[in-house]
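Step one of this worksheet: look at the structure below.
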Amino acid sequence: MSTMLPPSSSSGTATAPATAPAQEPRETAEALEADRPAEARTAPWGTDPYANALRNGRGPLFLRRSDGWLLPLEVERWCSDAGAADLSALHRCEGPVLDIGCGPGRLVAELTALGHRALGIDVSEAAVARTRRIGGSALLRSVFDPLPGEGRWGTLLLVDGNIGIGGDPAALLDRAADLLSTGGLLIAETSPLDIDERAQVRLDDGRRAPAEKAGPPGPADRPFPWARIGTPALLRYAGACGWRPADQWSAEGRAFVSLRRPRRPRRPVRERSARTSSQSAESANSTPVISSQLER
């Protein structure tokens, strides 16, 4: 399966969604995967029970907060075809699309069917495998790892709760600005509630309490930071970072915001690479979530 990368451009502007000409550079997902970061293989989302849930296409699956509250994850919806709310976001996409935390790949597959060049990234091998199996392209990467096409993506997707990655929306928005082309679009799903929360969570299948688990704690038992924010909070973070609001809408009880990339001098490639390498190392310790949806 080939992965279509955004074409290089001196202007850095996004291209229209269309089939790329034959001379446009291509890289296979398998080739790009050869240098995948080792920490992706030990992240909580790369282990059971998440992998089992994706293989089975259903839960139960939760994020367990430190106070014991279980936050249900919508595995069945993630493993279904793109719905009306998903399409309301996908039809707004421009140019080549990077789906951050693609999960089992319904959005990448739908974008491909719509004629977009699309790539998903996820830290779960099961998610990447399923995305490829249903016709999408995906790499085993964290958003804070070095990524193909940096500075040339037309649209970034942060849906299914992925605006909470790493528990630091401002840092995530800063990283997103590095990935987008000039004037590029970020489409984020927010909580319908007016909230701005941080939490330490663990992945949990709801079948056993943590105290009942035998043996030393594994990757799925490690707490990691997560954020849950509503539209007002996202707009505050975005405004402080120089992002320009483009649109807000709701569909099927889900809330979305689109933002235009800040007008700012682009960091030199060497500086961006050093910064993302540092963030990637930090992500190995904090293990930012790539595919999840908190309870609304």
Computed ³J(HN,Hα) along region 72-77: with the Karplus parameters 6.51/-1.76/1.60, θ = phi - 60°, integer Hz and x for glycine or proline, the list is x, 10, 8, 4, 4, 5
In Å, the Kirkwood estimate of hydrodynamic radius for region 90-161 over Cα pairs equals 11.8 Å
With a Förster distance of 22 angstrom and the Cβ-Cβ distance between Gln200 and Ala251, calculated FRET efficiency to the nearest 0.05 equals 0.10
Plugging the Cβ-Cβ distance of Arg263 and Arg55 into 1/(1 + (r/R0)^6) at R0 = 51 Å yields, to the nearest 0.05, a FRET efficiency of 0.70
Listed by chain and number, the residues whose amide H is under 5 Å from that of Ala246, excluding neighbours fewer than 5 places away on the same chain and using placed H, are Ser258, Leu259, Arg260
Placing each pseudo-label 7 Å from Cα in the direction of the beta carbon, Ala170 and Leu193 end up separated by a distance in nanometres of 2.4 nm
If every Lys and Arg gets +1 and every Asp and Glu gets -1 at its Cβ, then about the Cα centre region 76-117 yields a dipole, in debye to the nearest 20, of 80 debye
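Expressed in nm², what is the orientationally averaged projection area of the convex hull enclosing the Cα positions of region 90-216?
Numbers: hull surface 38.9 nm².
For the Cα atoms of region 90-216, the hull's average projected area reads 9.7 nm².
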Descending packing, highest mean Cβ count within 10 Å first, for 126-138, 227-239 is 126-138, 227-239
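Considering just Cα atoms, how many Å³ per residue does the convex hull of region 71-124 enclose? Please list the in-between numbers first.
Values: hull volume 4.7 nm³, N = 54.
Convex hull volume per residue, Cα atoms: 87 Å³.
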Rounded to one decimal in nm, the spacing of the 7 Å Cα→Cβ label points at Leu70 and Ala240 is 3.5 nm
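We did not get these values from a lab; they are worked out from the coordinates using the rules stated. A quick note: this is a predicted structure, and the numbers were derived from the prediction, not measured. So basically every Cβ, Gly included, is an ideal-geometry build from the backbone, and we count neighbours across all protein chains shown.
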